[in-house]
Amino acid sequence: MSIPNKYLAELMERVIQRNPHEPEFHQAVREVLTSLSPVVDAHPEYMTEGVMDCLVEPERIIKFRVPWEDDQGKVHVNRGYRIQFNSAIGPYKGGLRFDPSVNESIIKFLGFEQVFKNSLTGLPIGGAKGGSDFTRKGKSDNEVMRFCQSFMSELSKYIGPDTDVPAGDIGVGAREIGFLFGQYKRLRNEFTGAITGKGLTYGGSLVRTEATGYGLCYFTENMLKDAGRSFEGATVLVSGSGNVATYACEKATQLGGKVVAMSDSNGYVYDPDGIDLAAVKQIKEQNRQRIKVYVDTHPKAQYHEGSSGIWQIPCHIALPCATQNELDGASAKALIANGCFAVAEGANMPSTPEAIEAFHQAGVLFAPAKAANAGGVAVSALEMSQNSMRLYWSFEEVDNHLKKIMGTLYGNVISAAQEYGMPHDLVAGANIAGFLKVANSMLAYGVV
Ligand code: NDP
């Protein structure tokens, strides 16, 4: 993908030189700079005033040692990160990912994307991301607790309700958030909304657990409706079986779709009768088992090793909800050949550039992550509001806010795409709509 605007093309080269060996970060920046070319052509002040150069450089990178003791008394050392990317429109906000694949490139790409996503929600939140190369897999509750406490002992110095408010992501669910918030509260001696995704007994918001998956389906519903289609009667694939995947499956089913496959990092299950989500929740949320045990209790279902095979299953709608670059060009071609008419990203950057290009060429409706999975962070921001006001809203109230936010967000993405002459390109629309609010705030501050 070449970047049409010369200044932005040169900026991309500088990003590569200054951040070598960070392919995920390069991929995320390249996509945004490509989309922003017509904006910068029309408004050169974003170049001349340094906004574009600042946009691709994080405000702050925090990298730290996380020592912790296992149940046998052996000390392990992991690496922790928090990348505070941009606070032009509000306190930094973005999740924490605990996974062995975590490195500076991954956290930087996620933090960069978060800036635009948070802006798209229409709420006052800046962008950040953090995490560690720790995995909770195979660890006891006590080991996970000791790791989280050590991680927070350092992170607590840099966050706070008006500064930076982390949340969960891959490998950071309700249990980990409890350990992290408990340690934050103890160290700071304050009960404030410095983390979101909290349990309902200690400051959490209803619908936060469901928000990313539900929001994804609300966004997709809007996109389908504009094209004269709907979830009703559609066959749906959902990759992953974590937080986002689970609630995407739940809402897609409620909207009339039939989800026939889900996966984890080892393989996927195909159930022609439709996925039994209660069984998946039991396996993944409660028993912390592998998805393959699903077939033990569902004789008609099949398990296949290798998670990328899921895209070979015929479907109408694909919802990639696992991880970055899980859907490549070949998988996209298989989906298209099998009649898939819509793809909406629940995970961050799950489709490779080749896959996105193939979807656009084939006229497949394509909802990019920045817009489509923004429901999670939107409800996190609503959790922050409830914490500040010290009150709780009902499930229905928060769900209605979420629906409204995703509807408005969809409208803003479409308008931005239309304004810059790319009416069907939601990738460009999301990048442009997310950019404008952040960039105009940066311009207002002068050089800071
Ligand atoms: P979870 O840790 O809850 O779940 C991740 C799931 O993806 C697990 O089922 C995991 O399987 C599976 N997985 C990991 N790698 C692969 C792979 N290569 N192929 C297939 N499955 C895989 O994370 P979340 O659901 O929270 O996050 C999923 C994605 O959504 C991430 O990209 C995240 O950044 C994004 N996201 C999350 C938000 C949230 O609110 N949680 C908000 C916005 C975006 P296994 O059990 O084997 O590890």
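Points to keep in mind about this one:
- Only one of 380, 415, 331, 351 that is more than 20 Å from residue 128 (Cβ to Cβ), of a type in the set (Ser, Thr, Tyr) and under 16 Å from the mean Cα position of the chain (by Cα): 351
- Checked against the criterion of being under 10 Å from residue 237 (Cα atoms) and touching a Gly at 6+ places or on another chain (Cβ under 9 Å), the candidates 313, 317 yield just one match: 317.
- Number of positions in segment 52-107 that are within 16 Å of the ligand (Cβ to nearest atom) and on the phi > 0 side of the Ramachandran plot: 1
- Given (1) in contact with a Ser or Thr (Cβ under 8 Å, 6 or more places away or on another chain); (2) closer than 15 Å to residue 120 by Cβ, index of the condition residue 398 fails: (2)
- Strands (runs of 3 or more DSSP E) wholly inside segment 203-301 containing at least 3 residues that are β-branched (Val, Ile, Thr): 235-239
- Residue within segment 34-49 that is in contact (Cβ under 8 Å) with a residue 12 or more places away in the chain and in a loop (DSSP other than H, G, I, E, B) present: yes
- Criterion: open to solvent by 30 Å² or more (accessible area, probe 1.4 Å) and within 16 Å of the ligand (Cβ to nearest atom) - qualifying residue of 302, 286: 286
- Residue that is surrounded by the fewest Cβ atoms within 10 Å (Cβ to Cβ), among those in segment 101-145 that are assigned to a loop (DSSP other than H, G, I, E, B) and among the charged types (D, E, K, R): 137
- Selected residue (criterion: nearest to the ligand (Cβ to nearest atom)) from residues of segment 305-333 that are surrounded by fewer than 19 Cβ atoms within 10 Å (Cβ to Cβ) and not in a loop (DSSP other than H, G, I, E, B): 308
- Selection of first residues in segment 17-30 that are under 20 Å from residue 117 (Cβ atoms) and of second residues that are at pLDDT below 95, restricted to Cβ pairs under 7 Å at least 6 apart or on distinct chains, gives the following pairs, ordered by first then second residue: 30/1.
- Yes/no for residue 55 being within 20 Å of residue 180 (Cβ to Cβ), open to solvent by less than 10 Å² (accessible area, probe 1.4 Å), among the aliphatic types (A, V, I, L, M) and modelled with pLDDT of 95 or more: no
- Verdict on residue 78 being among the polar types (S, T, N, Q), open to solvent by less than 10 Å² (accessible area, probe 1.4 Å) and not in a loop (DSSP other than H, G, I, E, B): no
- Output for segment 167-194, where each listed residue is closer than 22 Å to residue 84 by Cα, within 11 Å of the ligand (Cβ to nearest atom) and not in a loop (DSSP other than H, G, I, E, B): 167, 169, 172, 176, 177
- Qualifying residue in segment 396-416 (condition: in contact with a strand residue (DSSP E or B) (Cβ under 8 Å, 6 or more places away or on another chain) and crowded, with 19+ Cβ neighbours inside 10 Å): no
- The listed residues are 443, 436, and the only one of them that is within 29 Å of residue 193 (Cβ to Cβ), away from the ligand (no atom under 16 Å from the Cβ) and in a helix (DSSP H, G or I) turns out to be 436.
Results for (1) near the ligand (Cβ under 9 Å from one of its atoms); (2) closer than 18 Å to residue 345 by Cβ; (3) surrounded by fewer than 23 Cβ atoms within 10 Å (Cβ to Cβ), shown as yes or no for each residue.
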{"position": "236", "(1), (2), (3)": "no, yes, no"}
{"position": "239", "(1), (2), (3)": "yes, yes, no"}
{"position": "244", "(1), (2), (3)": "yes, yes, no"}
{"position": "258", "(1), (2), (3)": "no, no, yes"}
{"position": "261", "(1), (2), (3)": "no, yes, no"}
{"position": "272", "(1), (2), (3)": "no, no, yes"}
{"position": "278", "(1), (2), (3)": "no, no, yes"}
{"position": "296", "(1), (2), (3)": "no, no, yes"}
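- Residue check, residue 140 of a type in the set (Ser, Thr, Tyr), modelled with pLDDT of 95 or more, away from the ligand (no atom under 16 Å from the Cβ) and touching a helix residue (DSSP H, G or I) at 6+ places or on another chain (Cβ under 9 Å): no
- Restricting segment 1-30 to residues that are open to solvent by less than 10 Å² (accessible area, probe 1.4 Å) and among the aliphatic types (A, V, I, L, M) leaves a set whose member that is farthest from residue 44 (Cα to Cα) is 28.
The values are calculated or read from the model by the stated rules, or taken from the named source; none is laboratory data. Source: prediction; values computed, not measured. Neighbour counts are summed over all protein chains in view; Cβ atoms, including those assigned to glycine, are modelled from backbone coordinates with ideal geometry. Note: accessible area is taken over every heavy atom of the protein model, side chains too, but ligands, DNA and RNA are not part of it. Shrake-Rupley method; radii C 1.70, N 1.55, O 1.52, S 1.80 Å.
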